[in-house]
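Data block below; observations after.
All of the numbers you see were taken from the coordinates with simple rules; none came from a lab. Predicted model only: the values in this text are computed from it and were never measured. For neighbour counting, all protein chains shown are included, and Cβ atoms are generated from backbone atoms with ideal geometry for every residue, glycine included.
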Amino acid sequence: MTSQVRGSQLARLLGQWHALPGRRRSPDYAALAAAVRGLLADGRLPLGVRLPAERELAEALRISRTTITAAYRELRESGHLASRRGAGSWTMLPGTHRVASTGLWTPLDDRDMIDLGVAALAAPPQLVAAARAATEDLPRYLGGAGYHPTGIIELREAVAHAYTERGLPTSPEQIMVTSGTQHALDLVLRLALSPGGGVLVESPTYPNALAALSARRARITTHGLGTDDVGWDADLLLGSLRQVRPKLAYLIPEFQNPTGHLMDTGLRERLVGAAHAAGTDLVIDESFVDLPLDDTPLPPPVATFDRHSRVISIGGMSKPYWGGLRIGWVRASAPQVQRLAAARVGVDMASPVLDQLVAVHLLAEASSIVAARRAQLVAQRDALVGALAERLPEWRIAVPRGGVTLWAELDGPISSALARAAEEVGVRLAPGPRFGLDGTLERFLRLPFTLPAADLVEAVGRLAAVRYDLDRTGRSQWREPSVIA
Ligand SMILES: Cc1ncc(COP(=O)(O)O)c(C=O)c1O
C-alpha cells in the first residue's frame with residue numbers, strides 16, 4: 001500500500017526550507033531538494049510515500065512549478081525519488097544508505113559519526129557472564145517446546161518481585177514478557193485501541209510511540225509539557241481527559257523521554273481518578289524508572305492508585321541494561337495478561353528462552369549493575385551540561401534528575417537546520433520536531449548523555465561550530481514558526 005503526502009502537508013513539514021544553512025549560495029530548487037532529503041533523513045517523511053504532483057506542491061509553497069520540477073529531478077538523480085510517468089513520484093533512499101533502528105538512516109561508512117540520535121547505553125560488562133550462566137540453565141527448558149507466550153516463569157517472578165519492592169504488590173500472573181517495551185506498547189494498543197481510537201500523549205513524546213499509534217491510525221490529542229521543572233500542568237492534563245475522554249492515554253511519568261521530567265505523587269493519584277471517570281485506560285511507560293540520578297525519592301508507581309484495572313504498565317531492560325537484549329514486559333491484571341498473550345500468539349508466539357534467562361541473571365545483579373549505570377550517567381550528564389554551558393551558553397537547559405536525555409531550548413527555531421548541518425560534521429541529532437506531531441518543536445533539541453563523556457564534549461564542540469555557521473548563512477531569514485509547543 002502506498003500512502004500519499006499532500007502538498008499542504010509537505011509544505012508544513014518543509015517549514016523553513018528556504019533558510020537552510022548555505023542557502024544564499026544555492027538556487028531555490030537545490031535548497032528544496034536538500035530540505036526533502038533532510039526530512040527523509042530524520043524520519044519525518046517516510047520511505048515509499050507518494051509526493052504531491054508538481055503543480056500541487058508549487059501552489060502549496062507559492063513558488064514556480066519549474067522550481068519543483070528541478071528539485072524533483074535533483075532528488076531523482078541523488079536516488080531519493082523514483083518516478084513513473086503518469087503514476088507519480090515516491091520517496092526512497094540511495095543504495096549507499098540503510099535504515100537504522102531508530103528509523104533514522106545513516107551512511108554506511110559512519111564510524112566517525114557521533115550518534116546523538118539514539119538514547120541508549122552500550123552493554124554493561126556483566127552481560128557476557130550473564131549470557132554464559134544462561135546457557136548453563138538452558139537444559140532445564142530444552143525438554144519442552146520452548147513457547148511461553150507470557151514468558152518463562154523465572155523472569156516473570158523476577159519482574160513481579162521488582163514491582164513488589166517498589167511498593168506495588170504484583171504476582172507473576174500479572175506479568176507478560178515481551179520483546180522490548182516497544183513490542184509491549186504495540187501489543188497493548190492491539191488489545192486496547194480499535195483503529196481510529198482517541199489517544200492522549202505528551203508533547204514532546206517518544207517518537208516510536210507515535211509511530212506505533214499512527215500504525216493503529218489513532219486520533220492523537222497532545223498535552224504540552226512545560227519547559228519549567230514540573231512538566232505536566234495538572235489542571236490542563238486532567239481537563240483534557242475530562243473533555244476529550246480519549247480511549248487511552250500514553251504517558252512516561254519517570255524521567256520522561258525526551259524532557260527528563262518526573263511526575264509527582266499527587267498528580268499520579270489524580271490522574272488515575274480522572275482516567276477512570278473519563279473511561280480512559282492509562283498506558284504508563286516506565287522505561288527509565290531505574291535511572292534516577294540524584295537522591296530524590298521516587299514517587300510510587302502510577303498503578304499503585306489503580307482500583308479498576310485502568311492502568312497498564314510497560315517497561316523493560318533496554319535503558320538500565322542493554323537494548324540488544326530485546327526484553328520488556330507488561331504489568332496488568334491477570335485476565336488482561338491472558339488476553340495479551342492470546343493476541344501475541346498471532347504476532348510472534350513468544351520471546352526467546354535464552355534471552356529471558358540472560359535477563360534473569362542480570363536482574364539478580366540489579367543493584368550493582370544499576371548503581372554503576374547511574375554513576376556513569378551522572379558523569380556523562382555533567383560533562384554534557386558543562387560543555388553546553390561553555391560552548392553554547394545561549395541554550396537553556398534544565399538539568400534532568402534522571403533518565404538519559406536532556407531537552408535543550410535553543411536560541412531560535414533551528415533544530416532541523418542544525419541537525420542537517422551537524423550531519424556534515426559527523427554528529428547525528430534527533431531534532432525537536434521528531435518528538436511531536438506537526439513539525440513544531442523547532443526550538444528544541446534532545447541530547448542524550450549515553451555516550452562516553454569525551455564523545456559528548458567533542459559533539460558539543462562540533463555543534464557549536466555549525467551553530468555559528470548557521471548565523472553566517474542567513475539567520476536574518478529565520479521566521480518564527482506559527483506554533484511553538
Ligand atoms: C519511552 C520509551 N519507551 C520505549 C522505548 C523502547 O524500548 P525497548 O528497546 O525496550 O523496545 C524507549 C527507547 O528509547 C523509550 O525511550
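List of remarks:
- Positive minus negative residues near SER194 (Lys, Arg vs Asp, Glu; Cβ under 13 Å): +4
- Listed residues LEU237, GLY143, PRO400: farthest to the positive end of the dipole of the chain (Cβ charges): LEU237
- Note on the chain: antiparallel DSSP beta bridges, both residues inside, total approximately 55 percent of the bridges counted.
- If the segment from ARG6 to ASP469 were pulled out straight at 0.36 nm per residue, it would be longer than the present Cα-Cα gap by 163.4 nm.
- Within the chain: Cβ-based charge dipole about Cα centre, in debye rounded to nearest 20 (Lys, Arg +1; Asp, Glu -1): 1840 debye
- Put simply, when 132-139, 447-454, 370-377 are sorted by average Cβ atoms within 10 angstrom per residue, most first, you get 447-454, 370-377, 132-139.
- Extension gain, VAL399 to ASP233: 0.36 nm times the residue separation minus the Cα-Cα distance gives 57.8 nm.
- Förster radius 51 Å - calculated FRET efficiency between ARG217 and HIS161 (Cβ-Cβ, nearest 0.05): 0.85
- Two-decimal Rg/Rh across region 181-236, once Rg and the Kirkwood Rh are taken from alpha-carbon atoms: 1.02
- Between ALA145 and ARG307, the modelled labels are 4.2 nm apart [label points 7 Å from Cα along Cα→Cβ].
- Cα→Cβ-extended label distance, 7 Å offset, between GLU390 and SER83, nm: 5.0 nm
- Note that the chain carries a Kirkwood radius of 23.7 Å, evaluated over its alpha carbons pair by pair.
- For the chain, calculated [θ]222 nm from helices alone, where every DSSP H run of n ≥ 4 adds -39500 (n - 2.57): -12500 deg cm²/dmol
- By average C-beta atoms within 10 angstrom, highest first, the peptides 269-276, 166-173: 269-276, 166-173
- Peptide ranges 27-38, 234-245 listed from the most packed, as the mean C-beta count within 10 angstrom indicates: 27-38, 234-245
- The value of relative contact order for the chain, using C-alpha pairs under 8 Å at least six residues apart, is 19 percent.
- Charge tally for ALA453 (other residues, Cβ to Cβ under 14 Å; Lys, Arg +1; Asp, Glu -1): -3.
- Potential lengthening of the chain between GLN243 and ALA366 amounts to 40.1 nm, from the contour at 0.36 nm per residue minus the alpha-carbon distance.
- Calculated log₁₀ intensity ratio I(q)/I(0) where the Debye formula runs over C-alpha points of region 156-275, q = 0.11, 0.12, 0.13, 0.24 Å⁻¹: -0.41, -0.50, -0.58, -1.40
- Sparsely packed loop sites in region 364-466 (the GluC sites (Glu not before Pro) outside DSSP H, G, I, E and B with at most 11 other Cβ atoms within 10 Å) comprise GLU394.
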